[in-house]
Amino acid sequence: MGDSVTQDLDRYMDRQDQQEAEYNQEKREAEDTAWGIHEFIDDAQKILSADTLMDMEVIHQTKDHVVTINILMTEVESEVLTEYVRNHGSKFVTEKLITEDIS
């Protein structure tokens with residue numbers, strides 16, 4: 001009977017160790033994501049015009065776990081972005097950049 005209890009305890013501890021290892025891996029990956037998002041937002045001040053930068057909004061909805069970045073551009077900036085992505089955009093950016101023509 002003692003061996004059975006020891007084996008159950010060993011299995012339980014192994015599961016706990018596995019769960020902790022998985023959590024730690026997920027946390028490391030999340031820290032990389034947080035750093036990347038921070039760098040993207042921080043780099044905005046280097047790449048956006050002063051007017052556009054002042055109109056940039058970053059909203060972190062912690063309840064829904066969503067970060068939304070709104071960059072309000074001039075008409076010319078918007079047209080150039082559309083043209084640039086159409087002609088030079090990576091597949092990822094082209095697929096992710098949703099263009100809506102709301103008139």
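Residue pairs whose Cβ atoms lie under 6 Å apart, sitting 6 or more positions apart in sequence or on different chains, and linking a residue in the stretch 32-43 that is without any contact (Cβ under 8 Å) to a residue 60 or more places away in the chain to a partner that is open to solvent by 60 Å² or more (accessible area, probe 1.4 Å), are ILE41/VAL58. When the criteria are applied in full, ASP101 meets the requirement of being out of contact with any strand residue (DSSP E or B) (no Cβ under 6 Å at 6 or more places or on another chain), modelled with pLDDT under 90 and among the acidic types (Asp, Glu).
For beta carbons closer than 7 Å, sequence separation of 6+ or different chains, a first residue in the stretch 53-64 that is assigned to a strand (DSSP E or B) and a second that is of a type in the set (Ser, Thr, Tyr) and at pLDDT 90 or above, the qualifying pairs are ILE59/THR68. Is it fair to say VAL80 is surrounded by 10 or more Cβ atoms within 10 Å (Cβ to Cβ) and within 18 Å of the chain's Cα centre (by Cα)? Criteria not met by VAL80. Residues that are closer than 19 Å to LEU97 by Cβ and either open to solvent by less than 100 Å² (accessible area, probe 1.4 Å) or not aliphatic (A, V, I, L, M) (or both) within the stretch 25-48 comprise GLY36, ILE37, PHE40, ILE41, ASP43, ALA44, LEU48, listed in sequence order.
The values are calculated or read from the model by the stated rules, or taken from the named source; none is laboratory data. What you are looking at is a predicted structure, and each value in this text was computed from that prediction instead of being measured. Cβ coordinates were reconstructed from backbone atoms using ideal geometry, including for glycine residues, and neighbour counts include every protein chain displayed. All accessible areas refer to the heavy atoms of the entire protein, side chains included, with ligands and DNA or RNA removed. Shrake-Rupley method; radii C 1.70, N 1.55, O 1.52, S 1.80 Å.
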